[in-house]
Amino acid sequence: MISKSEWAAKYGENVQITSNPPGSRSGLTPVSLAGVGRNALKRDPRDEEAETFQKEQLYGFTTQELIDLDAITQRRLKPPPAKVHAYIAPFWRKGNWSDGALFPDGKGRIETYPLPLGFHGKWIANNDVVWDILEPILVLASKILIQNPRVTSFINDLLEGEEVPIDLRRYPPWKDDDQRPDFRHKNELISLRTITTPQSEGYLRHQRRNLFKILKDYLTLSFKIDNADPLSAFGSAMTNNGTVEAFTETDIDSRSKRLNYIYTFLDSNILVPLLYNQLNDAETFGLRLWVATTLVHESMHAFWHPYYMDDQLMELGAAMEEQAFGGYMKPMWNNRTFPNFGFWVEPGFPKTYDIGRRHPCSAILETPELPTQVLTIPVPVSLFEDINSEDFWTIMMRSYKVPIFKSMLVNEVSEAAQIRKTGETDGIEDPTPFLRTTQNVPFKSKRRKINERSVYERGLRDLIMTTAACTPAERKQRKFALAIHRSLLAIDRYWDSSRQISALVQRFAEIGRQISNIPTNSTATMPQDKSKWLQLLRDQVDIIGLTIREHESRIQALEAMVAGGRSMDFERRAVLREWNYNTRVFLRSITPHFNDDSVVTGKLHLMDLQLEVTRVRVWHHTEVSAAHSKDNRELLNIRKLWNTRLQLRNQGKRLLPVIKMCDTLMKSKDPGYSVYYIIALTVFRAHVIAFSNERGLFGSATLGLQAVAASLDTLRNDPEQSSHWKPVLVGWYKAACEASLKITPGRKQRAIVATITKDPIALMGRYP
């Protein structure tokens, strides 16, 4: 039986990835930097192959980079509010979804399709299984439709905007009318302009309500499957490709202009992952948002199809998404047989890349020339979390009126270009390869502004400046806006530090290659080579110091996200722990080479302590991801000692087995041992020796305490030390003092010894 990787089991295996056995890998598993050390000098060819594949599939990004940008995550997200007062637009409620029954006139029915194996019934809203996954989507779609001011403004334009005939000079050069895509129903091409005559909000609200009432009366929603026509009973083929996520069909009598029906069909395949309990929160929330925006998009197609403003393509849904959302949302992994793990936003409609999205019976207008630039930007998971909050709609949307995606985009972008073939109406060239850049670096091609975080941040600054006269509502607004702002800054910080570490590791690896080229078998040049070798090693030490600083910055970024109300990211904490461990191993492996250089030795010792402080900030023994970690094994060893010590408390020679246990654990310690572990073992050993009255061991116990004294003191007084570890360090310190008093009673001890009020042994056994 093939043992698949975790990602292959969930997202599917890819045969183009070399595997052993074949077909066992997805090619999508993240490849993270394992630390600064020997691992940086050699990379598994399979990892390089996987990253190449990922960049081909993910617009130039690797999976790990998307994790670093918080666009893919396993962390828990805040759940949506209880659906007690959840509102669903009237035309999306259960009564508007087809159940497959005959129409009242008896002339036909809409095809319905069975649920996948393991589920009973069909894809109909009256099926509780279907409604359970559909309801939260419809609640979210209703918020987008009704509470987003930009969607409201777009609908106002549809209802009251001026209809202007399109200039004939913009028409494509048809040789004859049969070339027109609308040759069956020739219409004058119309452009819809924004409202020019001011209207009262009360009047516009009344018009929108009338529109929603008409939709409730005429719109029927149902599900479809790929390449099947749910309207086949009517004897007419679909005008849309059966593989699209959704499509809308309307029937208007050409003579009376009477509306007969409106049908919107949603592809059931995109909802299948929600039936199974295999999606994490980010995948669930992201999929719901995508389907919700798709339904809002389709609602724009309910009546007629003008061009919007100066758009060259007729696609009202896409025009609305550009105006209201800041772009078109699409899945990262569009393999419908398997779940999707993240989403992109593609801004800039209309462009050459959108030609295939236009209404199938519409012309491509000639002027202005369609932009060729294609941009793709990862959507941070925090947006999926925030958009489910009532505060997002009552504060973020109403106060800032920035397109949903533009206010919360990350700064990383992929860019490509796609041009139309000369002399052809619809033909387009394949896009150029997507290249990565950042939004604060100008692209070669002229582009629109795609990130409006600055607009949001300006409004936030203005709000902060009015603190003195802040009302309760404004305080709530400021608190929510600040939380989002800090979360975005934390994402930026984590990303920037990850890129810095990547660049430093490349420098580190290059120096490592230089070291490997130094001859080691020539005695004549050995002193010179040794000197060069040591200097290169010193350069690597300096680089490690810089990477530790960026490592701390990544930890601070994760802490800032938690402080801003985000849940703890256990997945990235585990990655940082592994990085920390491998870097410690390398540091300790090179320390003996600098025994004669006290400056470098001091640096290495300080780095070791820095890594120790950062280690405990990303480790807690209660974390599921840490259950089988090396850190937890150390903790289990300490607890075993502690339990044995309790059983043999103050019993002289009977404590000798505990001393032997300490010695055995010392000798068998992992090369990446934690400093805490060594301190704990050393203090335990000294304390047991002190109460065993084995005077022959007093000398070694004293030497052990002296060896860890500086580290214990540094960690105990470090202001960056995690608060939940301070009592543990205090307990170890007091136990060390008590052992020292017992071993050398004639010496004057530090003042803290006289203030011991709690049992130091109990404090030693206390873990946060």
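For this structure, a couple of remarks:
- Taking only the alpha carbons of the range 586-726, we obtain Rg and Dmax values of 16.2, 46 Å in that order.
- Ala417 long-range amide H proximity, modeled H, under 5 Å: Val374, Thr432
- In the range 488-559, the portion of solvent-accessible area held by carbon and sulfur atoms comes to 50 percent [1.4 Å probe, whole percent, DNA, RNA and ligands not counted].
- Distant-in-sequence amide H partners of Phe223 (H built 1.01 Å from N, under 5 Å): Leu266
- Mean Cβ neighbour count within 10 Å, used as a protection proxy, ranking 698-706, 322-330, 593-601 highest first: 322-330, 698-706, 593-601
- Order by protection proxy (mean Cβ within 10 Å, highest first), peptides 71-77, 710-716: 71-77, 710-716
- Relative packing of peptides 488-496, 630-638 - highest average C-beta neighbours within 10 Å first: 488-496, 630-638
- Accessible area per residue (1.4 Å probe, heavy atoms of protein chains only) ranks Thr744, Thr614 as Thr744, Thr614, with the largest value leading.
- Over 27 Å (Cα to Cα) - which of Lys78/Lys476; Lys78/Lys406; Lys10/Lys122; Lys10/Lys479; Lys640/Lys726; Lys351/Lys406 fall in this group: Lys10/Lys479
- Semi-axis lengths (Å, descending) of the ellipsoid that matches the C-alpha gyration tensor of the range 307-406: 27, 19, 11
- For the range 562-620, the per residue solvent-accessible surface stands at 37 Å², with DNA, RNA and ligands left out and a 1.4 Å probe.
- Accessible area of the range 259-317 belonging to carbon and sulfur atoms, whole % at 1.4 Å probe: 48
- The range 629-696, accessible area per residue, ligands and nucleic acids excluded (1.4 Å, Å²): 48
- Cβ-defined net charge surrounding Phe247, 10 Å radius [Lys, Arg +1; Asp, Glu -1]: -3
The values are calculated or read from the model by the stated rules, or taken from the named source; none is laboratory data. It should be emphasised that the depicted structure is a prediction, and the values quoted were computed from it without experimental measurement. For neighbour counting, all protein chains shown are included, and Cβ atoms are generated from backbone atoms with ideal geometry for every residue, glycine included. In case anyone asks, the SASA skips ligands and DNA or RNA and just uses the protein heavy atoms, side chains included. Shrake-Rupley method; radii C 1.70, N 1.55, O 1.52, S 1.80 Å.
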